[in-house]
Amino acid sequence: MKKALKGCGVAIITPFHKHGTVDFTSLGKLIEHLITNGVNYIVALGTTAETATLSEKEKLAVTDFIVDTVAKRLPVVLGLGGNDTQKIIDQIKTFNFDGIDAVLSVAPYYNKPQQRGIFYHFKSIEAVLPVPMLIYNVPSRTGVNISAETTLKLASEVPGIIGIKEASGNMMQCMQIIKDKPKDFLVISGEDALTMPLIAAGADGVISVVANAFPKEFSEMVQMALAANCKKAKELHYKLFNFTNAIFEDGSPAGIKAALEVLEICQNNLRLPLVKVNKQTYASIQNLVKEIIG
């Protein structure tokens with residue numbers, strides 16, 4: 001599984017109909033778009049999926065649909081986290097993990113725990129998980145940073161934790177983890193724009209938002225970077241650079257959904273409190289999509 005999660009993973013969006021229900025037809029179209037164009041794995045129910053606005057029934061339906069549609073052609077990683085450790089443990093004990101290859105679990109948000117609390121939170125979850133776990137550090141959303149020291153302690157002492165999605169944006173912290181981690185512990189970029197330099201520093205890949213729209217180009221960039229083909233990786237990185245910045249201008253996943261509408265993969269609908277990008281940003285995304293596809 002560690003080898004399978006190297007390369008380009010995609011934090012898949014959840015398409016919605018205009019009236020707000022999940023658009024499973026478009027979700028199926030997006031999954032085929034990703035698989036056909038060479039991504040390495042799919043992450044379900046991440047932040048990009050607007051998981052916070054999905055009901056428990058919808059989460060199960062979306063997960064089942066993704067697992068059934070992927071049909072073991074790629075690994076499926078499930079987003080499963082929160083700020084109540086016991087609640088997550090209780091969910092795991094009753095959840096059917098058939099078709100789920102690993103779990104991505106975000107740092108506990110809002111509570112702002114100490115590093116010791118973060119360590120025991122993840123250790124307690126791993127103890128009941130039947131599949132490997134990636135931890136997810138995204139302090140801009142959670143309000144808490146998983147320090148390099150805590151990550152390395154988890155990597156060394158909790159065997160079922162096989163890697164980290166690092167979205168702190170702190171290159172020094174990421175490099176500290178890469179330098180001191182166990183050999184087979186995965187460091188995965190959670191920042192599209194930093195993926196190429198992080199791989200050059202020793203990271204193992206990315207869980208991408210951009211790749212929802214451009215899986216072929218982003219996956220190739222990742223593979224070239226992993227193969228130390230710096231010239232080609234840099235070329236692709238800068239080909240997507242302005243687009244990458246544009247889709248985060250008015251927040252995620254609003255930007256990527258605008259791009260997917262331009263590409264005619266799904267409608268540009270979000271659930272409150274998220275709203276669509278403004279007209280200026282939309283026009284910019286539209287132009288950049290056209291430039292990339294030629």
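Side notes on the structure shown:
- Checklist (1) modelled with pLDDT of 95 or more; (2) farther than 18 Å from Thr47 by Cβ applied to Pro108, failing item: (2)
- Taking the criterion of being crowded, with 20+ Cβ neighbours inside 10 Å, without any contact (Cβ under 8 Å) to a residue 60 or more places away in the chain and assigned to a helix (DSSP H, G or I), the residues of the stretch 187-214 that qualify are Asp192, Leu194, Thr195, Met196, Leu198, Ile199, Val210.
- Residue selected from the stretch 92-122 under the condition over 21 Å from the mean Cα position of the chain (by Cα), not hydrophobic (A, V, I, L, M, F, W, C) and not in a loop (DSSP other than H, G, I, E, B), by the criterion nearest to Asn145 (Cα to Cα): Gln115
- Complete set of residues in the stretch 117-140 that are among the aromatic types (Phe, Trp, Tyr) and either surrounded by 19 or more Cβ atoms within 10 Å (Cβ to Cβ) or within 16 Å of Lys165 (Cβ to Cβ) (or both): Phe119, Phe122, Tyr136
- Test: residue in the stretch 18-40 that is of a type in the set (Ser, Thr, Tyr) and under 17 Å from the mean Cα position of the chain (by Cα): no
- Of everything in the stretch 63-91 that is among the aliphatic types (A, V, I, L, M) and more than 16 Å from the chain's Cα centre (by Cα), the residue that is surrounded by the fewest Cβ atoms within 10 Å (Cβ to Cβ) is Ala71.
- Within the stretch 1-53, considering residues that are of a type in the set (Gly, Ala, Ser) and part of a helix (DSSP H, G or I), the one surrounded by the most Cβ atoms within 10 Å (Cβ to Cβ): Ala49
- Count of the stretch 260-284 residues which are more than 21 Å from the chain's Cα centre (by Cα) and closer than 19 Å to Asn242 by Cα: 8
- Considering (1) assigned to a loop (DSSP other than H, G, I, E, B); (2) acidic (Asp, Glu); (3) under 23 Å from Thr47 (Cα atoms), the lone condition that Glu217 does not fulfil carries the number (1).
- When Ile66 is tested against (1) modelled with pLDDT under 95; (2) in contact with a strand residue (DSSP E or B) (Cβ under 7 Å, 6 or more places away or on another chain), exactly one condition is not met: (1).
Okay, residues lined up against (1) hydroxyl-bearing (Ser, Thr, Tyr); (2) closer than 19 Å to Asn40 by Cβ:
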site	(1), (2)
Phe119	no, no
Tyr136	yes, yes
Glu157	no, no
Asn170	no, no
Cys174	no, no
Gly190	no, yes
Ser208	yes, yes
Val222	no, yes
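- Reported count of residues in the stretch 137-177, each being without any contact (Cβ under 8 Å) to a residue 60 or more places away in the chain and either closer than 24 Å to Lys93 by Cβ or part of a helix (DSSP H, G or I) (or both), is 24.
- Restricting the first member to the stretch 94-108 and to residues that are of a type in the set (Gly, Ala, Ser), and the second to residues that are part of a helix (DSSP H, G or I), the beta-carbon pairs closer than 7 Å and six or more apart or on different chains are Gly99/Val67; Ser105/Phe122; Ser105/Ile125; Ala107/Ile118; Ala107/Thr142.
- Meets criteria (over 25 Å from Ile100 (Cα atoms) and surrounded by fewer than 16 Cβ atoms within 10 Å (Cβ to Cβ)) for Lys183: no
This table checks each residue for (1) in contact (Cβ under 8 Å) with a residue 60 or more places away in the chain; (2) within 19 Å of Asn96 (Cβ to Cβ); (3) touching a Ser or Thr at 6+ places or on another chain (Cβ under 8 Å); (4) not aromatic (Phe, Trp, Tyr).
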site: Lys2; (1), (2), (3), (4): yes, no, no, yes
site: Val10; (1), (2), (3), (4): yes, no, yes, yes
site: Thr14; (1), (2), (3), (4): no, no, yes, yes
site: Val39; (1), (2), (3), (4): yes, no, yes, yes
site: Gly46; (1), (2), (3), (4): yes, no, no, yes
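The values are calculated or read from the model by the stated rules, or taken from the named source; none is laboratory data. Predicted model only: the values in this text are computed from it and were never measured. Positions of Cβ are backbone-derived with ideal geometry, glycine not excepted, and every protein chain shown enters the neighbour counts.
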